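Peer 1: Take this structure first; my questions come after.
The values are calculated or read from the model by the stated rules, or taken from the named source; none is laboratory data. Keep in mind the model is a prediction, meaning the values are calculated, not measured. In this analysis, Cβ positions are derived from the backbone assuming ideal geometry, glycine residues included, and neighbour counts consider all displayed protein chains. In case anyone asks, the SASA skips ligands and DNA or RNA and just uses the protein heavy atoms, side chains included. Shrake-Rupley method; radii C 1.70, N 1.55, O 1.52, S 1.80 Å.
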Amino acid sequence: MQTLSLSYHGHTLIITVNRPDKLNALNKTVIAELGGVLDDVYNNPEIKSAIITGSGNKAFVAGADITEFAGLNAHGGKALAEKGQQQVFDKIENCSKPVVAAVNGFALGGGCELAMACHFRIAADNAKFGQPEVNLGLIPGYGGTQRLPQLIGKGRALELLMTGAMIDAATALQYGLVNYVVPADGLMSKALSLTEVINTKAPLAIAGCVKAVHAGFTKNVNGYETEMNIFGELFDTADAKEGASAFLEKRQPAFKGL
Ligand code: COA
C-alpha cells in the first residue's frame, strides 16, 4: 500500500488515507487502493466493519487531487468520476458491513463525498466540511450533488454547492451531516465504540438495514417492498432463530452470519 495504512481493532478494519503532506487528497492510487481494500471488506469474513479516516490531525481528505485535473477533457473528467464512483463511493454505500467515517479535519470536495458515502459520520471538533468545486469551475463528481441533499436537504445542499463555503463540525451536526462531534483525541474511540456494538449484531440483519435503507433512495425501487422482502427472508436464517431463542432464554445471542 502506497497511500493507505491499515490496522485492525478486533473485527473492525481502520483504513487511514495516508498522504498527510497533501492533506490526504484522493489521487488515482488512493482510489485504486481504496477499491482493493473495500473488496477485502466485502469478502473477508473476519472483517465485520470498517472505519475510514485521514492521516495527521489536519485533514480527513481535502478533496480529489487537483494536480490530476490538468489535461482532463470532457471524456477524461467523466471517466475519472465514473471510475471513482464504481471503485469506491458506490462500493462503500452498498457495503453489507458498516463503513463509518471518522472525520479528523478538512473533508472537502471528494473528502466530503467520501464521508457522505459512508453509512454514517463522526466528526472531530476541528472538522470542516464543504464542496468547493465551484471555485475550480467544476461540480462534485463523486456523488456530492446527490448525497449532500439526501443528508441535509435540498436548500442547504444547494447553498453549500453554490457558495463553495465550508461549515464547521457544530454546523455539520446541526444539519445532520454527522451523528456526533467529539474532541479530536476521542474520535477513534467513539467510532470504535459504535462499530463494536454493530459487530455483535446479526450480519445478515445489518446487511438488510443497508439494502433496505438505500432502496428507499433508489429511483424505481420500492423501499417498503424491499423491506418486506428482507424482513421475510431473515426469518429463514439461523441467526433470527438464535436471536429469538437467546431472548427467551435470557442470554446473549451468538450470531454466525447464517
Ligand atoms: N489536491 C492536491 N493537493 C492538495 C489538495 C488537493 N485537493 N488540497 C491540499 N493539497 C496540498 C497543497 O497543494 C499543499 O501542497 P504543497 O505543500 O506541496 O504546496 C498541501 O496539500 C497543504 O495544503 P495547503 O493549501 O498549503 O494547506 P492550507 O492549510 O493553507 O489550506 C485547504 C488547506 C484545505 C483550505 C487548502 O489546501 C485547499 O483549499 N485545498 C483544496 C480543497 C479543494 O478545493 N478540494 C476539492 C477538490 S475537487
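Peer 1: Tell me which residues, restricted to segment 10-41, are of a type outside the set (Asp, Glu), more than 16 Å from the ligand (Cβ to nearest atom) and in contact with a Ser or Thr (Cβ under 8 Å, 6 or more places away or on another chain).
Peer 2: HIS11, THR12, LEU13, ILE14, ILE15, THR16
Peer 1: Within segment 124-142, track down each residue that is part of a strand (DSSP E or B) and more than 22 Å from LEU158 (Cβ to Cβ).
Peer 2: ALA124
Peer 1: Of (1) touching a residue at least 12 places away in the same chain (Cβ under 8 Å); (2) outside any loop (DSSP other than H, G, I, E, B); (3) more than 14 Å from the ligand (Cβ to nearest atom), LEU148 satisfies all except one. Which?
Peer 2: Of the numbered conditions (1) touching a residue at least 12 places away in the same chain (Cβ under 8 Å); (2) outside any loop (DSSP other than H, G, I, E, B); (3) more than 14 Å from the ligand (Cβ to nearest atom), the odd one out for LEU148 is (3).
Peer 1: Would you mind telling me which numbered condition in (1) open to solvent by 20 Å² or more (accessible area, probe 1.4 Å); (2) in a loop (DSSP other than H, G, I, E, B) LEU173 fails?
Peer 2: (2)
Peer 1: Which condition does MET162 not pass, out of (1) open to solvent by less than 40 Å² (accessible area, probe 1.4 Å); (2) in a helix (DSSP H, G or I), if it passes all the others?
Peer 2: Failed condition: (1).
Peer 1: Further question on the same structure: Of all residues in segment 221-257, how many are within 14 Å of ALA207 (Cβ to Cβ) and either among the acidic types (Asp, Glu) or touching a Leu at 6+ places or on another chain (Cβ under 8 Å) (or both)?
Peer 2: The qualifying residues number 7.
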